[in-house]
């Protein structure tokens, strides 16, 4: 395979980074390791293994590190850029499978999906978390993915030039899908394997990690699909308000006494619900106007 650049973000991965780089070099013309402010010997070992290292002065997070790697890949004018984690979770021998659709002109973004592999051995708690994030990612994008959080993916030259969006932390995978799908870029998934018995395992609590990504995705949905996020929430609040109202009316009909608690709750939920529905309609109208203006 010609003109393939690998970008590997890494933070304190001195145990695995050397072997990951050596295995990746078999399938990439250039390996770029972005050392995201590691305090161990990640950078030194990556260089010894033959990688070009982009060293950041502190830990900025995965999104920033990846963007720095993509910036360098653009300078190299590569045909395809493949991204994989530096902890050994991904198998570099599967790089040809992931980059093939890009090199063949079949896709601009290829996502290596763990869930397309029938032999996957993913912990149940991870499946629950991943599928939850998939649902919300799919709500905020025009592409229905089976593995929105996969860090093993490939980008075409067109995709590399279309990274004009902001992202933070670990939500970059979802942001990338939403952004590229909105631009009409072709997205495809291929099955990959994954291993979880890596040396460093979690650098962040899985629950905190998942909630952080979910928070960013919900914000993305609110921005891209305000009618869905505000309208749906408003509808749910309105239904709750009507339920409290029915309860209050039934109690008053039977006892001839108005229950203040359900009555006040009904009024509050109805007001909030209707306000959110109206806000969703207004924001959706503004979004449509902006789309027409951009054309």
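Tallying residues that are within 17 Å of residue 89 (Cα to Cα) and out of contact with any helix residue (DSSP H, G or I) (no Cβ under 9 Å at 6 or more places or on another chain) within segment 20-46 yields 0. For segment 106-128, a tally of residues being at pLDDT 95 or above and part of a loop (DSSP other than H, G, I, E, B) returns 3. Residue 45 meets the conditions (1) crowded, with 19+ Cβ neighbours inside 10 Å; (2) free of Cβ contacts under 8 Å to residues at least 40 places away in the same chain; (3) not in a helix (DSSP H, G or I) in every case but one. The failed one is (3). Between 87, 57, 40, the distinction of being within 22 Å of the chain's Cα centre (by Cα) and part of a loop (DSSP other than H, G, I, E, B) belongs to 87 only. Here segment 145-161 is the region considered, the condition is being assigned to a loop (DSSP other than H, G, I, E, B) and surrounded by 15 or more Cβ atoms within 10 Å (Cβ to Cβ), and the residue that is modelled with the highest pLDDT is 152. The residue of segment 129-144 that is nearest to the chain's Cα centre (by Cα), among those that are free of Cβ contacts under 8 Å to residues at least 40 places away in the same chain and part of a helix (DSSP H, G or I), is 134. Please specify each residue of segment 52-66 satisfying the condition of being touching a helix residue (DSSP H, G or I) at 6+ places or on another chain (Cβ under 8 Å) and either over 16 Å from residue 42 (Cα atoms) or in contact (Cβ under 8 Å) with a residue 60 or more places away in the chain (or both). 61, 62, 63, 66 - these are the residues of segment 52-66 that are touching a helix residue (DSSP H, G or I) at 6+ places or on another chain (Cβ under 8 Å) and either over 16 Å from residue 42 (Cα atoms) or in contact (Cβ under 8 Å) with a residue 60 or more places away in the chain (or both). Every condition in (1) touching a strand residue (DSSP E or B) at 6+ places or on another chain (Cβ under 7 Å); (2) surrounded by fewer than 24 Cβ atoms within 10 Å (Cβ to Cβ); (3) in a helix (DSSP H, G or I) holds for residue 96 except the one numbered (1).
The values are calculated or read from the model by the stated rules, or taken from the named source; none is laboratory data. None of the values given here were measured: they were computed from a predicted structure. So basically every Cβ, Gly included, is an ideal-geometry build from the backbone, and we count neighbours across all protein chains shown.
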